[in-house]
Amino acid sequence: MLFDRALPLLSDARAHLEALVPRCWLAVDDPSFLPRATAAIAEARRAGDADATTELLSCRGTIEERRNRTDAAFSDYDAAVAAGASAAPGVLAQALVLRGEIQHFRGQFAEAIGDFKRAYALAERDRDTSVESYVLNAMANLYADTRVAQYEQALAYYRTLLARHTAAGNAADAATSTFNIGATLDQKGDHDQARVHYQRALALEREQGNDEQVAEVSRAIGSLLAKQDPPEAALPWLDGALAYFAGHDQPGSVARTRLSRAIALRRSGRLDAATLDLDAARAHFAKSDNMRFLERIEHERAELLAAQARWPQAYAARGAQLALEQRLAKELREEHTSRLRVEFDTERKEQENTALTRENALHGRAIEDAARIRRLQSLVLALGALVIVLLGWSLQRSRRTARRMRDLALTDELTQLPNRRHLMQSARHMFEDGGRDNASPMGVLALDIDHFKQINDRFGHDIGDIVLRRVAAALRGNVRDCDRVGRTGGEEFIVLLPRTDPAYAAAAAERLRAAVAALVFGDAVPGLGPVTISIGATYRAGNDPGFEAIAKRADELLYRAKQGGRNRVEADFRVE
């Protein structure tokens, strides 16, 4: 890889480590990078670099988490928090949030809240509104979890975030917050208002061209309609979502969609088709022993078997559901006891009362269920074929918390440009679109502010922030509306030029370099001379293997520009 070939050219150990950190984050979807991440962590520890050690541990944990190795991920996040004690506040806050989200997933609510609280305090102290928003979103997700069910508190946080994103013009984040409000209202049982918010989120996602999130919102709308009349209205939404998830290898989303479609098909009288969907969903969730989904599936199986007059099998399914519900009730009691040890807000007493009420309700339901099962067993044994159709109660359990890739903050708060994650997502969409039209190449520019560390060291980080904001404005003001400028970290930026050619890409790179060189900073601080950037410029053609390869090529060209004297463009427009 060209990026990897550029790393050995950095003779300075600190600069080498600073380059390894973004290289690792670029590889979070590549498990083969794990050995290199481990070697980089060892190098950072030998150098005594707390920032790099913490970031690289967080990065390796993210790679493990995306492989569904949550224990390994938690171990790395835990080590990152320990190393971050002497790191920059923002680096430590990132590690705390990542560890807190794993603890939330495990049901360790007290520990998760503790990490979120520490991360929020660090963000407040540093006035980092991006981290503040991310922590609030993580906290809202925890409150919206059906195991916690503090829906009003979750809605308050989501609405605060929606107001922030709307005021800042962050349409992607506003879509996410709107969807989360709808999902929480859905779980709360306010289906009319839930559908209103789902429809708003769908419109926003379509405006953004985010096909994956359009499919997710469509699945949520279909799941809601499946529980209402007429159930047939749910099927077009669910069929469309299922086609997308199946075509993009997302088995978990496929299984959730098939469970919802099974409900709609069963309520529409299409029992054989419902059985096929339900069996497929059951097979998927059984692999991971996902009790919450399996309990819902056993409930639906009992309903479906009863509709088919298969009474003994319906009885067995209801018994399996009861067993799962009792296991979940036991875990819920333990989770509430743990959760009440630490609080993010001043609501301890209210939550304690809620937890006891929920426990008593579950206990009473368990007694009623057991009596119902015994009555059914007596009828089956005595009459041999007759059974009572088991109806009357159902425990509201709906979708899992919005996926963690939706809760990621997508905008850099300092420059108001797309951040690294958002830019990578946009680049992949652009690249895939271009792949359908090989006559339309895409230019990629990697940019870096020259001697930015010296600016921070000499004038302070406040002046450095002014430089970043003005450079970002200059970049944004000198590209087309269809081009995308993003900040990928520190003083680094990437510019995507879709539907372009080598001549335009070269001219755009030179125009951006000149625009930044022409900036004046005398009003901000006397003595701050011209600020310049170095640029690596390349482009893709239809036969290029993927965006990552083009980005790495641009990175190497950027390093050549740095080595060639800075304040220059290094371009390579060869066709592969």
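The values are calculated or read from the model by the stated rules, or taken from the named source; none is laboratory data. These numbers were taken from a predicted model, which means no experiment stands behind them. Heads up, the Cβs are rebuilt from the backbone with ideal geometry, glycines too, and the neighbour counts pull from every protein chain shown. Protein only, heavy atoms only, side chains kept; ligands, DNA and RNA dropped before computing areas. Shrake-Rupley method; radii C 1.70, N 1.55, O 1.52, S 1.80 Å.
Observations on the structure shown:
- Computed over the stretch 200-323, the quotient of the alpha carbon radius of gyration and 2.2 N^0.38 Å is 1.09.
- In a fully extended conformation the segment linking residue 75 and residue 327 would gain 88.0 nm over its present Cα-Cα distance, using 0.36 nm per residue.
- Rh (Kirkwood; distinct C-alpha pairs) - the stretch 101-251, Å: 16.4
- Residue 192 versus residue 279: modelled label distance in nm, points set 7 Å from Cα along the beta carbon direction: 4.1
- Solvent-accessible area of residue 71, all protein chains in place: 110 Å² (probe radius 1.4 Å, heavy atoms, ligands and nucleic acids excluded).
- Computed Rg/Rh of the stretch 56-117, alpha carbon atoms with Kirkwood Rh: 0.95
- Taking every alpha-carbon pair in the stretch 24-147 and binning the separations at 10 Å intervals from zero gives 15, 43, 34, 7, 0 percent.
- Calculated FRET efficiency for the pair residue 524/residue 163, C-beta based, R₀ 30 Å, to 0.05: 0.45
- Note that the stretch 554-559 has calculated 3J(HN,Hα) couplings of 5, 4, 5, 5, 4, 4 Hz, one per residue in order, obtained from phi through the Karplus relation 6.51 cos²θ - 1.76 cosθ + 1.60 (θ = phi - 60°); glycine and proline are x.
- The candidates 315, 143, 120, arranged from most to least accessible area with a 1.4 Å probe in the full protein assembly, appear as 315, 120, 143.
- Between residue 233 and residue 286, the simple label model (points 7 Å from Cα in the Cβ direction) yields a spacing of 3.5 nm.
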